[in-house]
1. Quick one: what are the phi-derived ³J(HN,Hα) couplings along region B:165-176, Karplus 6.51/-1.76/1.60 with θ = phi - 60°, whole Hz, x for glycine and proline?
2. Could you work out which residue, out of A:GLY44, A:GLY186, A:GLY114, moves most in a Gaussian network model of chain A, that is, has the largest mean-square fluctuation with Cα springs under 10 Å?
3. At 7 Å along the Cα-to-beta-carbon direction for both A:THR80 and A:ILE170, put a label point, then send me their distance in nm to one decimal.
4. Tell me which residues come under 5 Å, amide H to amide H, from B:GLU34 once H is placed; ignore anything under 5 positions away on its chain.
5. Give me the dipole magnitude in Debye, nearest 20, for chain B about the Cα centre, with unit charges on the beta carbon: positive for Lys and Arg, negative for Asp and Glu.
6. With springs only between Cα atoms under 10 Å apart, run a GNM on chain A and tell me which of A:LEU140, A:LEU26, A:LEU102 wobbles the most.
7. Could you calculate the FRET efficiency of A:ILE16 with B:GLU237 from 1/(1 + (r/R0)^6), where r is the beta carbon distance between them and R0 is 56 Å, rounded to 0.05?
8. In nanometres, what is the gap between the two model label sites at B:LYS188 and B:ALA172, each 7 Å from Cα along Cα-to-Cβ?
Amino acid sequence: MIRDITIGQYYPVDSIIHRLDPRVKLLGTLLYIISLFLFDSFAGYLLVIGFIGSVILASKVPLSYIFKGLKAVIFLLLFTVVFNVFFTQGDNVIGEWWIFRLTWEGLYQGAFMGIRIILLIIGSSIMTFTTTPKALTDGLETALHPLNRIKVPVHEIAMMMSIALRFIPILLEETDKIMKAQMARGADFENGSMIQKVKALLPIFIPLFVSAFRRANDLAMAMEARCYNGGTNRTKMKPLVYASRDYIGYALLGGYIALFVVLNLWFAWF
Amino acid sequence: MSIKLVNINYVYSKKTAYEKKALTNVSLEIQNGEFIGLIGHTGSGKSTLIQHLNGLIKATSGHIYYDGEDIYANKYNMKELRSKVGLVFQYPEHQLFETTILEDVKFGPKNLGLSEEEVEQRAKDALRQVGLAEELWDKSPFDLSGGQKRRVAIAGVLAMHPEVLILDEPTAGLDPKGRDEILGEIAKLHKERKITIVLVSHSMEDVADYVERIIVMNHSKVFADGTPKEVFMKYKELEKIGLAAPQVTYVMNELKEKGIDVDTTATTVAEAKDSILAWARKNNWIEDKVEA
């Protein structure tokens, strides 16, 4: 059940995308998200879908696994779509009930926002599926390194992020275990009124918080025992080095951006 | 009361890169009043197996019958099953959440929908049974020591009056004294209240002194199933799968090899002592004071 939540997890297979330098993937994801928000037509999405589709194909992560990650945000998705469908102002009214007003513009807007959110989540989860938390942090740390000059604690931020990512599966597993333990004591999380359901969460959340603090404490202790003291003067055993495939990756990204600019200009003109 | 498992298979995270077979064709029957030790290496499937027994995990294929009733049948009452088959997880102290110990133990019976007096009575009985001093009952469970917390957690399951009590590594992380106390209390429960007990452990030493039957799991399959004597006779095979028989089994087998005719099936230190003394007496190594 809860261990089926796949968002933000690493998917261990060997593929060209997995081997790509994390900096390429970080920049790629950033550009991808920007492009997603700048397109405002379905035609533009064809390019985006083509791009992300080929990345998914190259990454060897099964499509079903990626879509499973969407389950976690299904409510956000439904919420957005429903609001857009019923509360978009428009003249081409299809039907009207009470304060709701179904218009063609609304339907268009709803479908548009729905696709945008789906593509956004798929795009960013592809990065976490193909990049180990360690590689991700390394990439982020190196990419943000210049910010050190204006006193941004880049290493610490990267370390916090990697710990947070590392803890997601651990805490999910812990939640699963606690839920089962309370179910074994007759707890019921599915039936009952809204208030009863919220109350039923207490026996999960309290042990979960206690355990999260305990784990954080243990981790801090273990890090200190190994003389961790932040990023100053810290060297890396495996520094990030670009390989030829990474330059090809950058080139492909450049191609995508060029196509994107051309398409946008073309839409603007016609 | 009996639990019967027929050809149970279970696969974790099916059809993903994390796919892992946890149980393969497991069939076994647990009878009323048995005291069973379930032994196996980390990852052998023992924890998965016990979660099947109260329906927390549904088998990928196969059937489980409790008292002859199929627990996967459409309208089977899972909640009732969970009150009859009590499961104490590994490190059960991590599930405590209430403000006081007594309140925490009441959580289980409360979920059964009993009256307030009945709930209170059961909780107090359970706490007495695990030997937790009365002056602690109104304290926060988070203030207790590790061993005490574990007793509270076990009491939390006991208070539901289960017919079967399953304990997953109840002695993990406890010192020898705590271990003996917990195991002693479990044995007492079995004796006095005739509860069926399944004790999960990876230590033969732990279970050998108490259980009547041992089930050994290895690589998701049942490797051996029988009385401690029958299972420990295969001590050489057990070694191959990374488990060991109790120390006395080795001592007795060595003695036998050296030509001393002792009972190699002795599984506890007490049995071994009797057998060695009997041999010594027979060979006039010691004077028998009773006869003299």
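1. Here the 3J(HN,Hα) series is 10, 10, 10, 8, 6, x, 9, 4, x, 9, 6, x Hz.
2. Evaluated over chain A, the most mobile residue of the options is A:GLY186.
3. Calculated label separation equals 3.1 nm.
4. Here the answer is B:ILE197, since their amide H atoms fall under 5 Å of that of B:GLU34.
5. Using only the charged Cβ atoms, the result is roughly 1060 debye.
6. Maximum fluctuation in the GNM of chain A, among the listed residues, is at A:LEU102.
7. The formula returns an efficiency of 0.75 here.
8. 2.5 nm
The values are calculated or read from the model by the stated rules, or taken from the named source; none is laboratory data. This one's a predicted model, so the numbers in the text were calculated from it and none came from an experiment. FYI the Cβ positions are ideal-geometry reconstructions off the backbone, even for glycines, and counts take in every protein chain you see. When the accessible area is computed, the model is the full protein with side chains, heavy atoms only, and any ligands, DNA or RNA have been set aside. Shrake-Rupley method; radii C 1.70, N 1.55, O 1.52, S 1.80 Å.
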